[in-house]
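The structure appears right after this line, and notes come after that.
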Amino acid sequence: MQQTSWFSLIPEQASSFAWQVDGLYYYITAISVFFTIGIFLALIIFAVKFREKEKYGKGADIHGSVALETAWSVIPFLIAMSIFLGGAVVYYNQYRAPADAMEIYVVGKQWMWKTQHSTGQREINELHVPVGRRIKLTMTTEDVIHSFFIPAFRTKADVVPGRYTSLWFEATKPGKYHLFCAEYCGLNHSGMVGWIYVMDQRDYDNWLSGASGNQTPVEAGKELFEVKLGCASCHEGGANQRGAHLEGLFGSTVNLSDGQTVKADEEYIRNSILNPSSQVVAGYAPIMPTFKGQVTEEQLMQLVAYIKTLGGQSGGASTTNTAAPTTGNAAANSSTTGQNPAERRSTNPASASNLASNPNSPEKTNNK
Ligand code: CUA
């Protein structure tokens, strides 16, 4: 819906924390307006009242006032702290994704947004989400810095080359909302826009089952790991395993050969694939080749998604995607059948490049 609120400069509020952002904004605006009016009123009144030079040319001699000086120190301090605390609370709410959030992957590139649901469905410049669910976007970019901005949700986060950033929201009403790139990223930056579709859970489930599925990110990651990139030949357990064990890796603390320790998060896994020699696990030789240039950002996300699912048991190559929405089963089932591009729901002409980035397409199946 493109309804606007009563004040048409402000987009409608459509996320759980939109009112907090607006509240803080109105609060700061009100303080600014109050002092601006106060200062100008005083200026005008004094200019009129004291305009007689002979009478007021020489001011009264004042030698300080403790009460006055305390007041003009303490009051501005309290005002500044109230703005700081309000801002800190809003920031904290926005930038700490809840643990139970449903995860969606986003890759920015000049000049489009590519998204993939954990059930496998891909979209370009569009994102369908259910209303009232917490959604976490894990984002990166194939080229330059972009910024994922949904004004109606009052949220925005940069996507940065070589890093994962995240953003979360809970949409509060069904509708169609603008998606913008909010960081100048080249010639067609202004065209790097799209739509967020917020749907009732039932409509969303219908949409998921109608949208032709690819492999889920976890399935695609498993295929990359076991077949296409051959990671499994060194990392899949057994007596002759040459690479570090990956079972139960995610979230654990890793001892490196240089004596340092590092937390095995998304960033660490990504870096280990691209720059294996920079963080060698203690007890292993630095023999892993780099996969830089051989994997796209989307494939890296899929590998990370897969490695996240590896449990603690030896050989625990579970394909269960813990991030999959509990209600998306119909879609998950259909995702194995719909490989035909003609079945794709997306009518966006950019879907052609969606195909090109499909890890199943021939030019991407290079082994090493
Ligand atoms: Cu992407 Cu501006």
Worksheet item: Tell me, which residue of the range 168-177 that is touching an Asp or Glu at 6+ places or on another chain (Cβ under 9 Å) and in a strand (DSSP E or B) is nearest to the ligand (Cβ to nearest atom)?
Response: TYR177
Worksheet item: Failed condition for SER190, given (1) touching a strand residue (DSSP E or B) at 6+ places or on another chain (Cβ under 7 Å); (2) within 16 Å of the ligand (Cβ to nearest atom), with all others met?
Response: (1)
Practice prompt. All but one of (1) more than 16 Å from the ligand (Cβ to nearest atom); (2) crowded, with 17+ Cβ neighbours inside 10 Å hold for GLN201, so report the exception by its number.
Written response: (2)
Discussion item. What's the number of the only condition in (1) open to solvent by 30 Å² or more (accessible area, probe 1.4 Å); (2) under 20 Å from GLN116 (Cβ atoms) that SER252 fails to meet?
Written reply: (2)
Practice prompt. Kindly provide the set of residues from the range 132-167 that are assigned to a strand (DSSP E or B) and open to solvent by 40 Å² or more (accessible area, probe 1.4 Å), ordered by number.
Written response: ARG134, LYS136, PHE149, LYS156, ASP158, SER166
Worksheet item: Looking at the range 229-239, which of the residues that are modelled with pLDDT of 75 or more, buried (at least 16 other Cβ atoms within 10 Å of the Cβ) and of a type outside the set (A, V, I, L, M) is farthest from LEU310 (Cα to Cα)?
Response: CYS231
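Consider ASP22 carefully, then state whether it is charged (D, E, K, R), part of a loop (DSSP other than H, G, I, E, B) and either modelled with pLDDT under 90 or open to solvent by less than 100 Å² (accessible area, probe 1.4 Å) (or both). If you could, list the steps in order and put the result at the bottom.
On the way: charged (D, E, K, R): yes; part of a loop (DSSP other than H, G, I, E, B): no; either modelled with pLDDT under 90 or open to solvent by less than 100 Å² (accessible area, probe 1.4 Å) (or both): yes.
For ASP22, the condition - charged (D, E, K, R), part of a loop (DSSP other than H, G, I, E, B) and either modelled with pLDDT under 90 or open to solvent by less than 100 Å² (accessible area, probe 1.4 Å) (or both) - is not met.
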Worksheet item: Mind checking which residues of the range 37-63 are part of a loop (DSSP other than H, G, I, E, B) and not aromatic (Phe, Trp, Tyr)?
Response: ARG51, GLU52, GLY57, LYS58, GLY59, ALA60, ASP61, ILE62, HIS63
Item to complete: Would you mind stating whether VAL89 is assigned to a helix (DSSP H, G or I) and either surrounded by fewer than 22 Cβ atoms within 10 Å (Cβ to Cβ) or on the phi > 0 side of the Ramachandran plot (or both)?
Response: yes
Worksheet item: With respect to the numbered conditions (1) basic (Lys, Arg); (2) outside any helix (DSSP H, G or I); (3) modelled with pLDDT of 80 or more, which one is the sole condition not fulfilled by ARG242?
Response: (3)
Worksheet item: Out of curiosity, is PHE180 open to solvent by less than 10 Å² (accessible area, probe 1.4 Å) and either within 14 Å of the ligand (Cβ to nearest atom) or in contact (Cβ under 8 Å) with a residue 12 or more places away in the chain (or both)?
Response: no
Worksheet, complete the sentence: Looking across the range 109-131 at residues that are more than 17 Å from TYR184 (Cα to Cα) and open to solvent by 30 Å² or more (accessible area, probe 1.4 Å), the single one that is nearest to the ligand (Cβ to nearest atom) is GLU126
Item to complete: From PHE50, PHE84, PHE77, grab the single residue that is in contact with a Phe, Trp or Tyr (Cβ under 9 Å, 6 or more places away or on another chain) and open to solvent by 70 Å² or more (accessible area, probe 1.4 Å).
Response: PHE50
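The values are calculated or read from the model by the stated rules, or taken from the named source; none is laboratory data. These numbers come from a predicted model, not from an experiment. In this analysis, Cβ positions are derived from the backbone assuming ideal geometry, glycine residues included, and neighbour counts consider all displayed protein chains. Heavy atoms of the whole protein, side chains included, go into the accessibility calculation; ligands, DNA and RNA do not. Shrake-Rupley method; radii C 1.70, N 1.55, O 1.52, S 1.80 Å.
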